1. Quote the charge dipole size of segment 1-108 about the Cα centre in Debye, to the nearest 20; the model charges only the Cβ of Lys and Arg (+1) and of Asp and Glu (-1).
2. What is the extension gain from ILE216 to GLU118, computed as 0.36 nm multiplied by their sequence separation minus the C-alpha to C-alpha distance, in nm to one decimal?
3. So how strong a dipole does the chain carry about its Cα centre when Lys and Arg Cβ are +1 and Asp and Glu Cβ are -1, to the nearest 20 debye?
4. Lys/Arg Cβ at +1, Asp/Glu Cβ at -1, dipole of the chain taken about the Cα centre: which of GLY43, ALA162, ILE101 is farthest positive-ward?
5. Express in whole angstrom the spacing between the alpha-carbon centres of segment 265-314 and segment 224-263.
6. Let me check against my output: what whole-number percent is the relative contact order of segment 182-308, with C-alpha pairs under 8 Å and at least 6 apart?
7. Find which of LEU233, LEU302, LEU292 sits farthest along the positive direction of the dipole of the chain, computed with +1 on the beta-carbon of Lys and Arg, -1 on that of Asp and Glu, about the Cα centre.
8. Give the calculated FRET efficiency between ILE128 and GLU21 to the nearest 0.05, with a Förster radius of 25 Å applied to their Cβ-Cβ distance.
Amino acid sequence: MAPAIGYLLPTREGVMEGRPEAARLLALADRAEGLGYDSVWAGDSITSRPRHEPLTLLAAAAGRTRKVKLGTAVLLPALRNPVVLAHIVATLDQVSNGRIILGIGIAMDLARIRAEFEAAGVPWDKRIGRMNEAMDLCRALWSGNPVEWNGRWRVVADQGLAPPPIQPGGPPIWCGGMAQPALDRAARHYDGWFPNGPKDPAEWGRQWAEVKRLAISHGRDPAKMTGAVYLTLALDDDEARAHKRIDEYLVSYYGGAVEALRRHHTYYAGPEEGAAAWLKGYADNGVSHIVLRFAGEHERQLEAVMRIKKSLGW
């Protein structure tokens, strides 16, 4: 089966380039839908990598689009009170007529991200348990039934949310990570696995097989889970120029030494033919949703990926 193709809006890049206008981002969401993309995504960070708040931006995109799924790649639930988050997401699912996907993560252990947690008044320690409980509480609230909760957060007197999300039980939640505990976390708790790699499509396939095995061990049906991947592209007939653009992009986006950034990020740089083979490798290994981040030249690369999709018969 052909994978769905998603597009990550350049919210962080717009801020870095001094072009943060939301109108441009919404026009790109429109363009992606018009070209045939299946989904449009927005990243999350408050102070460590400043950008537009993703749920607010996706609400605006929901008003401009009609068909594409709208997702977070990825949201940091630990930075938000889950009762408030559940309310926002329920409304967003209503506004979009049930098109929301929540990609979630725990955040990398970096000094500036620890500082972001501190600025938000959120403890850094036990953030994985905090995220899992927050999502459980959101799902309870999305059920439409009265909720009582006594954990990190307290909900008393059978309180509830209205209206609930259009999608029964709330939007699907996809969790990333490639370490063994992350695979088990996705298999045990969530509706999909959404890593930003690995670089080798066959290794992605091996890890996906492990997620499905673990899901069965937890009494879950892996056929009901989505295997997704988040990848970065720099398409150019001149491969050296494409690699230069990737290097400049990673350094400007993350900072640090380019050699280390290359090791820790999954990307393709080069002509469309090579990208087609690379993307097909992920699809052949079971990926059902590919989310693409472009290193610059968004309008051109949006069109190029649709040519690749057509060439692959997707």
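Here, each number is a calculation from the coordinates, and none is a lab measurement. The structure displayed is predicted, hence computed values, not measured ones. We place every Cβ from the backbone using ideal geometry, glycine too, and count neighbours over all the protein chains shown.
1. Details: 12 positive and 9 negative charges, 14 e Å.
I would put it at about 60 debye.
2. Values: separation 98, 0.36 × 98 = 35.28 nm, distance 3.77 nm.
Result for the pair: 31.5 nm of gain on full extension.
3. Working: 39 positive and 36 negative charges, 93 e Å.
With Lys and Arg at +1 and Asp and Glu at -1, about 440 debye.
4. Positive-most Cα among the choices belongs to ALA162.
5. Computed from Cα coordinates, the inter-centre distance equals 13 Å.
6. Numbers: 183 pairs, mean separation 39.7, N = 127.
Averaging sequence separation for qualifying contacts and normalising by length gives 31 percent for segment 182-308.
7. Of the candidates, LEU292 comes out farthest on the positive side.
8. 0.10
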